[in-house]
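Asks: One structure, pasted below without further comment.
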Amino acid sequence: MDVERDLDPEQRAAVTAPRGPVCVLAGAGTGKTRTITYRIAHLVRSGHVAPSAVLAVTFTARAAGEMRARLRKLGVEGPQALTFHAGALRQWGNFCPGIAAAPPGGVCRVKCALR
């Protein structure tokens, strides 16, 4: 991972910003995913966060898979990359394990019962 060579100045600033939240807003095809994956790799490699403490949230399963693949390519194993829905279901499982562990369709039945 060569931050100097692989990223433009704005991406580099986002990747190397001090620990904490960073907002990455840009149009399609401008390198948002690259910036975010490099930031995750930078934080993990610098020891600021444990890989298991990272949750990258995306809109689509395809984007989550792409993010996982890019992180592996950067040599970073362990961070989670999930869709909003998968991440929410996982969190729901932490708070309501009986519901989240329901068989397929079980969550829908619970939702209908709550109406």
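Asks: State which residue pairs qualify: first residue touching a residue at least 24 places away in the same chain (Cβ under 8 Å) and within 12 Å of His42 (Cβ to Cβ) and inside region 4-24, second residue among the basic types (Lys, Arg) and in a helix (DSSP H, G or I) in any location, beta carbons under 6 Å apart, and separation of 6 or more residues or different chains.
Replies: These pairs meet every condition: Val15/Arg39.
Asks: Counting only residues that are part of a loop (DSSP other than H, G, I, E, B) and farther than 21 Å from Arg68 by Cβ, how many does region 3-25 have?
Replies: Residues flagged as part of a loop (DSSP other than H, G, I, E, B) and farther than 21 Å from Arg68 by Cβ within region 3-25 amount to 9.
Asks: Something else about it: Within region 60-115, how many residues turn out to be at pLDDT below 90, within 27 Å of Arg45 (Cβ to Cβ) and among the basic types (Lys, Arg)?
Replies: The total comes to 1.
Asks: Could you check region 5-37 and list, in sequence order, the residues that are aliphatic (A, V, I, L, M) and in contact with a helix residue (DSSP H, G or I) (Cβ under 9 Å, 6 or more places away or on another chain)?
Replies: Leu7, Ala14, Val15, Ala17, Val22, Val24, Leu25, Ala26, Ile36
Asks: Looking at region 43-63, which of the residues that are part of a helix (DSSP H, G or I) and over 25 Å from Pro18 (Cα atoms) is nearest to the chain's Cα centre (by Cα)?
Replies: Among residues in region 43-63 that are part of a helix (DSSP H, G or I) and over 25 Å from Pro18 (Cα atoms), the one nearest to the chain's Cα centre (by Cα) is Ala63.
Asks: If you don't mind, there's one more thing I want to ask. Which condition number in (1) within 20 Å of Gln91 (Cα to Cα); (2) part of a helix (DSSP H, G or I) is the one that Gly78 fails?
Replies: (2)
Asks: Can you confirm whether region 73-86 contains a residue that is within 17 Å of Thr35 (Cβ to Cβ) and out of contact with any helix residue (DSSP H, G or I) (no Cβ under 8 Å at 6 or more places or on another chain)?
Replies: Within region 73-86, one or more residues are within 17 Å of Thr35 (Cβ to Cβ) and out of contact with any helix residue (DSSP H, G or I) (no Cβ under 8 Å at 6 or more places or on another chain).
The values are calculated or read from the model by the stated rules, or taken from the named source; none is laboratory data. Remember, it's a predicted structure, so these values are computed and weren't measured experimentally. Here the Cβ is made from the backbone with ideal geometry for all residues, glycine too, and neighbour counts use every protein chain on show.
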